[in-house]
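The values are calculated or read from the model by the stated rules, or taken from the named source; none is laboratory data. Everything numeric here is computed off the predicted structure, so don't read it as measured data. Cβ: placed from backbone, ideal geometry, glycine included. Neighbour counts: every protein chain shown. The area values use the complete protein model at the heavy-atom level, side chains included, leaving out ligands, DNA and RNA. Shrake-Rupley method; radii C 1.70, N 1.55, O 1.52, S 1.80 Å.
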Amino acid sequence: MKKVALALAALLGFAGTAAAQDYPQRPVTMVVPFAAGGPTDVVARIVAEHMSRTLGQQIVIENVAGAGGTTGITRAGQSAPDGYTIMMGHMGTHGAAPALYPNLKYDPAKDFAPIGLAAGTPIIIVAKKDFPAKDLKEFMAYVKANEAKMNMAHAGVGSVSHTVGVLLNSQLGIKPAMVAYRGTGPALNDLMANTVDYMADQIVNVAPQISAGTIKAFAIATPERSPALPDLPTTKEAGMPDYQVSAWNAIFAPKATPAPIVAKLNDALVKALDDDNTRKRLLELGGVIPDKAGRTPEALQKLVEAEVARWTPILKAAGAVAQ
Ligand code: MLT
């Protein structure tokens, strides 16, 4: 019996290796768990374009929004582990979500095959153009004095914008109305239309509108200014030194995806991040490109574990989690 089992295992292993050698034979779906046009979608489309060239097959973006990104991630994580469905997750779906969803249908650190980090995305405090504040100090004073009529946009409980928004409001000591969108792409449209007051969002989404002057930006929540927005002060310079927060976007596959396929996907991502045009597009949006050591599946696994551990107490302290 044991000989049969060994032979079967060898046969299956050989079949897996053969499949990996021929992979990909058809287009690959990359699930983006938010509406088109938001930061997750933007990073996904930029890196997927060059990855498609390396793989020799089109990576097709599928936007599956809902529940702060957890709907799309749950679905993608449960798809066949054959390399033909991957996903763009981030600090929300694979960091904050476990603290915010007690019945989350996945464990970010156990239920996926990490492929690699695509981009770091610093957080910026932005507001509608008509917001009556010219700098962060005036913003802070205004939202405190007008808390009852303030509304903050976000992309659903567990999203990056919700997570960093909860932290911002906790530090400001306010509880504005929280307006959920299927992504911060649609949220930005309402900010530009002056129908929502403010949000904390990833730089790759808001940088073009800040440069165009169609929305206000008060500060970036990183220790250093962004080369993409050199005139935007840091939160430390502008009066909220404790608000230090940045997000990241990363590619994952279903847990049992064969290692040779994971390696091919990681290779395609690494080549994309070394491509001049891909780098230019990410950098001009304020994205932070991971260094070589930061691009491995192992580095992403460690990041996910660290982020889940980091965000749970922060969100509990901010009152965002049922105690
Ligand atoms: C978020 O977590 O806020 C999302 O990244 C928003 C989006 O990509 O639309």
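Miscellaneous remarks
- Residue in the range 62-75 that is farther than 30 Å from residue 166 by Cβ and outside any strand (DSSP E or B) present: no
- Residue 177 of a type outside the set (Val, Ile, Thr), open to solvent by less than 10 Å² (accessible area, probe 1.4 Å) and over 30 Å from residue 83 (Cβ atoms): no
- Applying the condition of being touching a residue at least 12 places away in the same chain (Cβ under 8 Å) and over 19 Å from the mean Cα position of the chain (by Cα) to the range 269-291 and asking which residue is most open to solvent (accessible area, probe 1.4 Å) yields 271.
- Criterion (open to solvent by 20 Å² or more (accessible area, probe 1.4 Å), touching a strand residue (DSSP E or B) at 6+ places or on another chain (Cβ under 8 Å) and under 14 Å from residue 125 (Cβ atoms)) met by exactly one of 203, 210: 210
- Residue that is farthest from residue 245 (Cα to Cα) [pool: residues in the range 64-110 that are polar (S, T, N, Q) and away from the ligand (no atom under 16 Å from the Cβ)]: 79
- Taking strands (runs of 3 or more DSSP E) as the structural unit, those lying wholly within the range 157-258 and holding at least 3 residues that are within 16 Å of the ligand (Cβ to nearest atom) and more than 27 Å from residue 272 (Cα to Cα) correspond to 177-180, 198-202.
- Filter result for residue 23 (farther than 26 Å from residue 288 by Cβ and open to solvent by less than 20 Å² (accessible area, probe 1.4 Å)): yes
- Candidate set from the range 189-200 (those that are more than 17 Å from residue 135 (Cα to Cα), in contact with a strand residue (DSSP E or B) (Cβ under 7 Å, 6 or more places away or on another chain) and of a type outside the set (A, V, I, L, M, F, W, C)); member that is surrounded by the fewest Cβ atoms within 10 Å (Cβ to Cβ): 194
- Within the set 220, 289, 261, 215, the sole residue that is aliphatic (A, V, I, L, M) and out of contact with any Leu (no Cβ under 6 Å at 6 or more places or on another chain) turns out to be 261.
- Being under 23 Å from residue 249 (Cβ atoms), of a type in the set (S, T, N, Q) and either modelled with pLDDT of 95 or more or not assigned by TED's automatic domain parsing to the domain that holds residue 313 (or both) is true of residue 184.
- Taking the criterion of being farther than 16 Å from residue 90 by Cβ and open to solvent by 10 Å² or more (accessible area, probe 1.4 Å), the only residue of the range 151-165 that qualifies is 151.
- Test: residue 255 is in contact with a Phe, Trp or Tyr (Cβ under 8 Å, 6 or more places away or on another chain) and either closer than 29 Å to residue 111 by Cβ or in the same structural domain as residue 164 (by TED's automatic domain parsing) (or both): yes
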